[in-house]
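Notes for the one structure printed next.
The values are calculated or read from the model by the stated rules, or taken from the named source; none is laboratory data. Computed from a predicted structure; not experimentally measured. Positions of Cβ are generated from backbone atoms using ideal geometry, with glycine treated the same way; all protein chains shown enter the neighbour counts.
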């Protein structure tokens, strides 16, 4: 992969391939998500162009003194590391509560997909996901692929703060927010166990690239029991 500087705020990422041999769409999709999350996604536009990605930034996309090209390069390094898949991937089960207390966008996602809330939960929990890449902050795992009825573009207005443990979806991917932070993904549930532990120097993150992940639905009572257990 090669980064070409087109202007002060415009970059072209060239992937191996051409019009007759394009890179996998999922590769472009993951790269686009990594870049959007590395900047303020309100002020960045990422557009696929055949085998390439065109990245256009605003001056508000980054802090003064930051080097946008270095940030993009860091995203591409994370993308390349997602190919370091284990020969026998681990299978990780993540508990998730889809109660309305934790699922701000679940009803809307179900409605747009033409399905019931119960069907949306069933679809999300019956799928086995692959961790394609570790993302813009510690413990943030990009997992796919979502069933078609659950696929929706990112929110037009990102939230300023998403609670830690929020189970979220955007485009063809799902994730769990390991920290409280801003974000533009749709919130459909909450996980009570930590995905990032800064005190564990050997294995600070629960997930890693190449893992297979399944979500196990739990009720509110089990959610708070598990949350209390992990807090202690």
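Tell me, please, whether a residue that is at pLDDT below 80 and more than 21 Å from residue 130 (Cβ to Cβ) can be found in the stretch 66-88. There is at least one residue in the stretch 66-88 that is at pLDDT below 80 and more than 21 Å from residue 130 (Cβ to Cβ). Close contacts from the stretch 210-232, counting a first residue that is over 30 Å from residue 30 (Cβ atoms) and a second that is assigned to a helix (DSSP H, G or I), with Cβ to Cβ under 8 Å and a gap of 6+ residues or different chains, come to none at all.
Of 137, 191, all but one fail to be modelled with pLDDT of 95 or more, assigned by TED's automatic domain parsing to the domain that holds residue 95 and in contact with a helix residue (DSSP H, G or I) (Cβ under 9 Å, 6 or more places away or on another chain); the exception is 191. Picking from residues in the stretch 111-132 that are in contact with a strand residue (DSSP E or B) (Cβ under 7 Å, 6 or more places away or on another chain) and outside any helix (DSSP H, G or I), the one that is modelled with the lowest pLDDT is 132. Taking the numbered list (1) buried (at least 16 other Cβ atoms within 10 Å of the Cβ); (2) in contact with a strand residue (DSSP E or B) (Cβ under 9 Å, 6 or more places away or on another chain); (3) within 22 Å of residue 180 (Cα to Cα) in turn, residue 136 passes all entries but (2). Once the stretch 175-197 is narrowed to residues that are under 24 Å from residue 44 (Cβ atoms) and outside any loop (DSSP other than H, G, I, E, B), the residue that is nearest to the chain's Cα centre (by Cα) is 175.
Conditions (1) assigned by TED's automatic domain parsing to the domain that holds residue 159; (2) under 23 Å from residue 184 (Cα atoms), marked per residue:
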site	(1), (2)
72	no, yes
75	no, yes
96	yes, yes
103	yes, yes
106	yes, yes
109	yes, yes
119	yes, no
132	yes, yes
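Note on the stretch 142-153: residues that are touching a helix residue (DSSP H, G or I) at 6+ places or on another chain (Cβ under 7 Å), more than 11 Å from residue 174 (Cβ to Cβ) and part of a loop (DSSP other than H, G, I, E, B) amount to 1.
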